[in-house]
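One structure below.
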Amino acid sequence: MSQPVLICRPGERGEALAAALRGQGASVESLNVMQLETLPEDAAMRSTWLDIDQYHKIVVISPFAAVCLAEALDRYWPQLPVGIDYYSVGSATASTLYDQLGVRVHLPPADAGEDTSEALLALASLQQLAHQRILLVAGEGGRALLAETLAARGAKVSRIAVYRRTLQPLAPALQAYLFSGNYRALIVTSSELLEHLAKWCHQAAFNQPLIVSSRRLATLAGILGFCNLKVASGATSAALIAALETCDPQGADVDQGTY
């Protein structure tokens with residue numbers, strides 16, 4: 001049996017990546033260690049949705065945040081407010097917003113090379129933001145870079161958390177892969193997930209190919225001890241699979257490291 005590709009990505013995006021890999025004949029194991037859970041609506045959240053037309057720009061951090069936003073707007077706004085510019089870091093989030101709300105979304109240009117907050121912040125329309133009200137729709141926690149940078153450029157920034165991420169232990173059978181390194185490659189698209197998985201990695205796993213979706217993640221991976229890094233051009237399934245194709249062919253010997 002061919003060595004599996006291990007993927008660590010929660011929700012529908014993880015399922016889509018697994019399906020795409022299997023469609024190419026790859027063996028796949030999903031490391032389901034994170035659950036996404038919609039947060040219950042409280043008074044502050046309800047007030048934000050009712051006042052959504054007061055914002056000039058809405059920045060949506062992830063596809064699941066986009067789903068939560070679309071569901072909220074459907075409840076409170078039979079007709080979508082006009083005059084709001086929508087932004088997202090990645091194309092998957094933009095596609096979700098377009099599919100569910102029918103809105104056009106500002107994205108980092110393709111030649112930016114990565115789907116990152118830094119690339120989004122380079123957009124010309126996000127440079128001068130005096131008197132602009134901006135809403136960030138995201139999960140609990142996460143980086144403060146977007147909020148801090150937009151505020152420094154003059155915007156009045158509000159942030160609403162619409163879901164939480166819950167980490168879970170890795171199943172024993174899957175722990176065995178990270179101990180033995182007996183897999184073709186590991187795909188991870190989140191710093192939180194990468195740090196969580198590193199706890200189960202033995203030296204053999206640190207020497208196997210790790211595919212990440214940004215240079216920032218690659219830097220963290222190096223700090224954690226991973227030494228066979230492949231940086232995809234983005235977080236889409238196509239970009240991650242393209243990076244996988246640069247790894248050693250299936251059936252290559254497992255590098256057990258030196259002792």
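The values are calculated or read from the model by the stated rules, or taken from the named source; none is laboratory data. It should be emphasised that the depicted structure is a prediction, and the values quoted were computed from it without experimental measurement. We place every Cβ from the backbone using ideal geometry, glycine too, and count neighbours over all the protein chains shown. Only protein heavy atoms, including side chains, enter the accessible area calculation; ligands, DNA and RNA are left aside. Shrake-Rupley method; radii C 1.70, N 1.55, O 1.52, S 1.80 Å.
Protection proxy ranking for 116-125, 18-27, using the average of other Cβ atoms within 10 Å per residue and placing the highest first: 116-125, 18-27. Taking Cα atoms only, the orientation of helix 63-76 departs from the longest principal axis of the chain by about 30 degrees.
Over all other residues within a Cβ to Cβ distance under 10 Å of L126, the charged ones net out to +1, with Lys and Arg as +1 and Asp and Glu as -1.
Ranked by solvent-accessible area (1.4 Å probe, protein heavy atoms only, all chains present), the residues L145, L126 order from largest to smallest as L145, L126.
Rounded to the nearest 500, the helix-only mean residue ellipticity at 222 nm of the chain stands at -11000 deg cm²/dmol, with each DSSP H run of n ≥ 4 adding -39,500 (n - 2.57).
Under the convention that each Lys and Arg Cβ holds +1 and each Asp and Glu Cβ holds -1, the size of the dipole of the chain around its Cα centre is about 360 debye.
Farthest toward the positive end of the dipole of the stretch 77-147, out of L123, G83, A94, is the Cα of G83, where the dipole comes from beta carbon charges about the Cα centre.
Could you compute the net charge surrounding S191? Neighbours are other residues with a C-beta less than 11 Å from the C-beta of S191; K and R count +1, D and E count -1. For residues surrounding S191, the net value is 0. Ignoring any ligand, DNA or RNA, what whole percent of the accessible area of the chain comes from carbon and sulfur when the probe is 1.4 angstrom? Within the chain, the accessible surface is 50 percent carbon and sulfur. For the chain, the per residue solvent-accessible surface stands at 48 Å², with DNA, RNA and ligands left out and a 1.4 Å probe.
Each pair of Cα atoms in the chain enters the Kirkwood radius, and Stokes-Einstein at 25 °C and 0.890 mPa s then converts it into a translational diffusion coefficient of 126 µm²/s.
Averaging 1/r over every pair of different alpha carbons in the stretch 119-251 and inverting the result gives a Kirkwood radius of 17.0 Å. Placing a pseudo-label 7 Å from each Cα along the Cα-to-Cβ vector at T246 and E71 gives an inter-label distance of 3.7 nm. Under Stokes-Einstein, with the Kirkwood radius over Cα pairs as Rh, the value for the stretch 1-113 at 10 °C and 1.306 mPa s is 98 µm²/s. Packing order of peptides 32-41, 131-140, highest average first: 131-140, 32-41 (average count of other Cβ atoms within 10 Å over each peptide's residues). Computed from the C-beta positions of E37 and C227 and an R0 of 45 Å, the FRET efficiency is 0.85 to the nearest 0.05.
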